[in-house]
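Everything below concerns the one structure shown next.
Please treat every number below as a calculation from the coordinates, not as lab data. Since the structure is predicted, the reported quantities are computational estimates derived from the model, not experimental observations. With ideal geometry, Cβ positions are generated from the backbone for all residues, glycine too; neighbour counts draw on all protein chains shown.
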Amino acid sequence: MCENNLHNKSLHFAVRVVKFYQYLCEEKKEFVMSKQILRSGTSIGANVRESKNAQSPNDFVHKLNIALKEADETQYWLEVMTLSETITQDEYNSMNNDLKEIIALLTSIIKTTMRNNNIE
């Protein structure tokens, strides 16, 4: 159940990131950081999707850890865009709230999988 929730949330977040990228390019004329957030923000869901076909529990955890790293990078770019006043605090909060949910799910699934499979 939790993994399906993660799949749905990461897919919907990727769609949000694509629309956010379009907004940043069209409205803000921001092309460098927007490309970075497009890459990292959509990579989260791509790695979550890859985890569905993991060859082992270790591979599953590895793919979700990559998704977690991409989520952290996405958070970084949101912070940079906020501090540089490229986006508003409200825009940041909206995107970051979704991202925090995904990070919490990823962290929980990774820890549970590692514990249940005696992975260090």
Open item on the list: Anything in region 53-78 that is charged (D, E, K, R) and either in contact with a Cys (Cβ under 8 Å, 6 or more places away or on another chain) or under 17 Å from residue 13 (Cα atoms) (or both)? List them, or say none.
Closed with: 69, 70, 72, 73
TODO: May I ask you to list pairs of residues, at least six apart or on different chains, whose Cβ atoms are under 9 Å apart, with the first in region 96-120 being more than 18 Å from residue 46 (Cβ to Cβ) and the second being loosely packed, with under 15 Cβ neighbours inside 10 Å and among the hydroxyl-bearing types (Ser, Thr, Tyr)?
DONE: 117/56
Open item on the list: Take residue 80 and tell me if it is over 14 Å from the mean Cα position of the chain (by Cα), within 19 Å of residue 109 (Cβ to Cβ) and free of Cβ contacts under 8 Å to residues at least 60 places away in the same chain.
Closed with: no
